[in-house]
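Just so it is clear, none of the values below were taken in a lab; they were calculated from the coordinates. Keep in mind that what you see is a predicted model, and the values were worked out from it rather than measured. Counting neighbours? That spans all protein chains shown, and the Cβs are built from the backbone with ideal geometry, glycine included.
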């Protein structure tokens, strides 16, 4: 990769030409923006007119998760529909900002366009990056320089939203730490760390707790130690997933889905309830459910 100065490209970026105005994507986007504008007019939709950026935020998160489900299900028509819902939320939020003179869709589009050009000097400039790993190194260097110029947090771990789901955030933190150079030499190191954390959890789990029923009463100091060590186990598991190139958030979602399918199968076999049978019968039914759902 060519040299960069404080993470900036060595030459001025060459922006791409805009797509033609009659491109179907542009026409579809213009139509969507027109619909959003109409909904926000005084005689538009009462619900849409009542919305604020704050009230739309939960809807945006929900729609993003529905898009994620469609992607994981591999259903193209559903992906297109859910992506459209996300676009609608973004367009409506930007329309609300425009009405208050705070921000608008133009600013949002211009900001991300300039950011993409600035952070891809290997495409729009003279920097060389032949692998995705090289791209990420340069990307993080540019981001770091941008934050420093704005007097923002310029740590290698900066920029990971605190509101991300925990496993997803752990993956991003791990990725950033590795990119910055803080890494084990192999996957074996990540696996050994998970084993180490499991051992530390074992040390703080009293036998009385292990032999107790569901949700035992814990002394505050015991609870604090268990929370600490179990948290470290979950983090080490997420890091191992990232070292293996596996998304721990997706793996956990899939594991929960498997559990749900098998539990429902077990319920059906046992007549709709798991409250009556003993543990041996339950475990036998569970094993049969697992056999039918690998």
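Calculate the translational D of region 167-246 in whole µm² s⁻¹ from Stokes-Einstein, where the hydrodynamic radius comes from the Kirkwood formula applied to all Cα pairs, the temperature is 10 °C and the viscosity 1.306 mPa s.
115 µm²/s
Using a Förster distance of 41 angstrom, determine the FRET efficiency expected from the C-beta separation of residue 128 and residue 87, and round it to 0.05.
Efficiency for this residue pair is about 0.75.
Over 5 Å intervals from 0, what percent of Cα-Cα pairs in region 24-149 sits in each interval?
Per 5 Å bin, starting at 0, the Cα pair percentages come out as 2, 9, 13, 15, 15, 16, 15, 8, 4, 2, 0.
For region 37-116 and region 263-277, what is the centre-to-centre distance using only Cα atoms, to the nearest Å?
42 Å
When every alpha-carbon pair in the chain is counted, what percent end up more than 32 Å apart?
Value for the chain: 51 percent of Cα pairs lie more than 32 Å apart.
If contacts are Cα pairs under 8 angstrom and at least 6 residues apart, what is the relative contact order of the chain in percent? Could the numbers behind the result be given before it?
Numbers: 226 pairs, mean separation 47.5, N = 294.
Result for the chain is 16 percent.
Can you give the translational diffusion coefficient of region 42-115 in µm²/s, computed by Stokes-Einstein from the Kirkwood radius over Cα pairs at 25 °C and 0.890 mPa s?
Translational D for this selection: 182 µm²/s.
Taking N as the number of residues in region 253-292, what is its Cα Rg relative to 2.2 N^0.38 Å?
Cα Rg divided by the expected 2.2 N^0.38 Å: 1.10.
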